[in-house]
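Data first, discussion second: the structure below is written as structure tokens.
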Amino acid sequence: MMTKFNLKGKVAIITGSSKGIGEAIARLLAENGATVVISSRKQEACDAVAEKFKADGLSAVAIACHVGNPDDRTALVEKTIEKLGGIDILVNNAGTNPVFGPVEEATDEIFDHIMNVNVKAPWDLANKSLESMKKRGGGSIINISSVEGELPEEGLGIYSTSKAALSMLTKSQAKEWGKFGIRVNAISPGLIKTKFSAALWTNQQIMQQIESSSPLGRMGNPEEIAYIALLLSSEAGSFITGSILVADGGFLLS
Ligand code: NAP
């Protein structure tokens, strides 16, 4: 039964995989047979994760890419194809939220930066991977969205807007690319314990609110998101496309 999760022979790019949710996804896909491309802004950080994976008997290469930079995006796709022969799985995980505050106070520069990293980069990386996926007879694209894209919270308005756009991009790509055997889905995590969310989980008031009102009464960990990515990457998820899978411990119900 577990062979449906087997990714042997598959090549997976995971952006923002030097730590957090991206690293957990990369590890689980590699543990299930994929060759993974570890990618983040700093080559040394990518090298360190790839070396750690290889020491554990996993197959990994390191290619740095600031997803906000179009040349880096082109290089990530081209180098992956050159080194590994093609792309089967693309996980658009790298994301940003540099500000916390009222929507009207975000500058043009901040707005453009958030949209560039959270929406334009996933769109462009998917476009650039499309030909290779078509040649290989299909593929799986996973966009890491957020519950913030479903339910805005004060102070995170532009980030929420970008994640809502990413979820709709997911559905549009799924609709247009199903005919190529390419499935496109998003995962919307709730609060997950990583560096990115440290300002939230180190705030006692926020944690008390989550513990008292959310059904499971806790935040999640990166591995709980990785298992969903494994399902969506593999044959086990062969009929899932255009879905936004929420993993939030019930937060949206609270
Ligand atoms: P994290 O632990 O801070 O890790 C972020 C990763 O992305 C790191 O590898 C980082 O490495 C890389 N990165 C950051 N900016 C990048 C860029 N411009 N280009 C390429 N790589 C970049 O964050 P995380 O919590 O795992 O977040 C991953 C995704 O989950 C994000 O899209 C976030 O919006 C989403 N998410 C997180 C939560 C949560 O509670 N943690 C909830 C919902 C959604 P470098 O800094 O070395 O580049």
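The values are calculated or read from the model by the stated rules, or taken from the named source; none is laboratory data. Quick caveat, the model's predicted, so the values are computed rather than measured. As a convention, Cβ positions derive from the backbone with ideal geometry for all residues, glycine included, and neighbour counts pool all protein chains shown. SASA here: full protein model, heavy atoms, side chains in, ligands and nucleic acids out. Shrake-Rupley method; radii C 1.70, N 1.55, O 1.52, S 1.80 Å.
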Mean separation of Cα contacts under 8 Å (at least 6 apart) over the residue count of the chain, i.e. the relative contact order in percent, is 19
With T = 4 °C, eta = 1.567 mPa s and Kirkwood Rh from C-alpha pairs, the Stokes-Einstein D of the range 2-253 in µm²/s is about 71
Carbon + sulfur, % of accessible area of the chain - ligands and nucleic acids excluded, 1.4 Å: 53
What is the extension gain from Lys4 to Ser212, computed as 0.36 nm multiplied by their sequence separation minus the C-alpha to C-alpha distance, in nm to one decimal? 71.1 nm
Put +1 on the Cβ of each Lys and Arg and -1 on the Cβ of each Asp and Glu in the chain; which of Pro98, Ser39, His113 then has its Cα farthest toward the positive end of the dipole? Ser39
Helix 222-233 versus the longest principal axis of the chain: what angle, 0 to 90°, nearest 10, using Cα atoms? 50
Average accessible surface area per residue within the range 2-253, 1.4 Å rolling probe, Å²: 48
The chain: calculated mean residue ellipticity at 222 nm from DSSP helix runs of at least 4, using -39500 (n - 2.57): -13500 deg cm²/dmol
Relative to the first principal axis of the alpha-carbon coordinates of the chain, what is the inclination of helix 157-177, with its axis defined by its Cα atoms, in degrees from 0 to 90 and to the nearest 10? 30
In terms of the Cα gyration tensor, with a ≥ b ≥ c the square roots of its eigenvalues, is the range 77-143 rounded because a/c is under 1.5, prolate because a/b exceeds b/c, or oblate? prolate
